[in-house]
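The values are calculated or read from the model by the stated rules, or taken from the named source; none is laboratory data. All figures in this text were calculated on a predicted structure; none of them were measured in a lab. Backbone-built Cβ (ideal geometry, glycine too); neighbour counts: all protein chains shown. Ligands, DNA and RNA are stripped out before the accessible areas are found, and what is left, the full protein with its side chains, is counted by its heavy atoms. Shrake-Rupley method; radii C 1.70, N 1.55, O 1.52, S 1.80 Å.
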Amino acid sequence: MTTHSGTFTPTTTAGRSLIWSEEFDTPIAWGARWVGDRTSAYRYCDHNPDDNKLDWLTPDCVTVSNGVATFTAVPAGRTLENGRQAWHTGLLTTEYSAEGFQVRTGDYVETGVRLPRGTGAWPALWTWKDGENEVDSFEYHPDNPHLLELSNHVNRAETYHTDVDAIGPDRWVTIGTDYGATCVDWYVNGERVFSDGTGVGPHWSAYLILNLSLSAGEYHPAPCGPAPITFDVDHVRVYR
């Protein structure tokens, strides 16, 4: 497996220290650092058909090898409350973990990911706490192959960022988010691509969520067959 070798950390980290990181160079620290079988962002904790998702959270769907975490989604022998077939898939959250790490106002988070190509894939890095506090560092859907969705749900702001040279299926990309009190900034491969002018406020904090969801078909196509869908992540780093 070819890992991400780009170094794109922007100058926004100047004067900050790396205070938390996951390099995926050891097995997932289930329970201690990460939890993978539930999130309060999902109505039923391990699945959430209300949000047009086919997910059924399964920790075994996240594996680590050669410094890369691979999220693998496969059809499950389960039926969701809406009658759709569920898919086993992976999610990592710091919520409920012993460490309980949270990002907060003024932090910069960065991840290196290889975007998936499987129809129905819906990877994301986002935040959540107490039913809100959501900031989406990115969401991606292969049916819009060169587009990232960047969203602040705390003080509403969002954009669709398109880059045919940097964004696409099977491409490694570095994505960063600077959680400012009055402005959240998003970076792609070290370049600032969006400033929302709204921010998260001075007292915001939230847990991290990194996951591979599966679209149920309402807004983006659902999986078109039983073939596994994968999503790779090189690192998650937080500077403060």
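Here is how the numbers come out for the structure above:
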{"read-out": "Furthest towards positive pole of dipole, P226, V193, N52, structure part the chain, Cβ charges", "value": "P226"}
{"read-out": "Charged-residue dipole, Cβ positions (Lys, Arg, Asp, Glu), segment 76-127 about Cα centre, Debye nearest 20", "value": "320 debye"}
{"read-out": "Most to least packed among 85-95, 130-140, 171-181 [average Cβ atoms within 10 Å]", "value": "85-95, 171-181, 130-140"}
{"read-out": "Efficiency of FRET from Cβ geometry, N66 and A98, R₀ 30 Å, rounded to 0.05", "value": "0.65"}
{"read-out": "Solvent-free Debye scattering, log10 I(q)/I(0), computed from the Cα coordinates of segment 135-215 at q = 0.11, 0.21, 0.25 Å⁻¹", "value": "-0.29, -0.99, -1.28"}
{"read-out": "DSSP bridge pairs, segment 19-122: antiparallel proportion in percent, nearest 5", "value": "65 percent"}
{"read-out": "Sparse-neighbourhood loop sites, GluC sites (Glu not before Pro) in segment 1-92 - DSSP loop, at most 16 other Cβ within 10 angstrom", "value": "E23, E81"}
{"read-out": "Student exercise, the chain dipole from Lys, Arg, Asp, Glu Cβ charges, in Debye to nearest 20", "value": "220 debye"}
{"read-out": "Nearest-20 debye value, segment 1-130 charge dipole, Cβ charges on Lys, Arg, Asp, Glu", "value": "260 debye"}
{"read-out": "Dimensionless Rg over Rh [segment 73-151; C-alpha; Kirkwood]", "value": "1.00"}
{"read-out": "Simple spin-label estimate for R156 and S17 in nanometres, 7 Å along Cα-Cβ", "value": "4.0 nm"}
{"read-out": "Cα centroid separation - segment 5-72 against segment 196-240, whole Å", "value": "9 Å"}
{"read-out": "Within a Gaussian network of the chain (alpha carbon springs, distance under 10 Å), most fluctuating of W186, W204, W122", "value": "W204"}
{"read-out": "Segment 1-159 - percent of accessible surface contributed by carbon and sulfur, probe 1.4 Å", "value": "44 percent"}
{"read-out": "Spatial separation of Cα centroids for segment 97-151 and segment 73-88, in angstrom", "value": "23 Å"}
{"read-out": "Protection proxy ranking of 210-219, 44-53 - average other beta-carbon atoms within 10 Å, highest first", "value": "210-219, 44-53"}
{"read-out": "Rounded FRET efficiency, nearest 0.05, which uses the C-beta distance separating R117 from D51 and R0 of 30 Å", "value": "0.85"}
{"read-out": "By average C-beta atoms within 10 angstrom, highest first, the peptides 11-19, 154-162", "value": "154-162, 11-19"}
{"read-out": "Within the chain, percent of DSSP bridges classed antiparallel, to nearest 5", "value": "95 percent"}
{"read-out": "Among [x] 22.1; [y] 11.9; [z] 24.4, the entry derived from the coordinates for mean projected area of the Cα convex hull in nm²", "value": "[y]"}
{"read-out": "Accessible solvent surface per residue of segment 1-127, calculated while the other protein chains remain in place, 1.4 angstrom probe, Å²", "value": "42 Å²"}
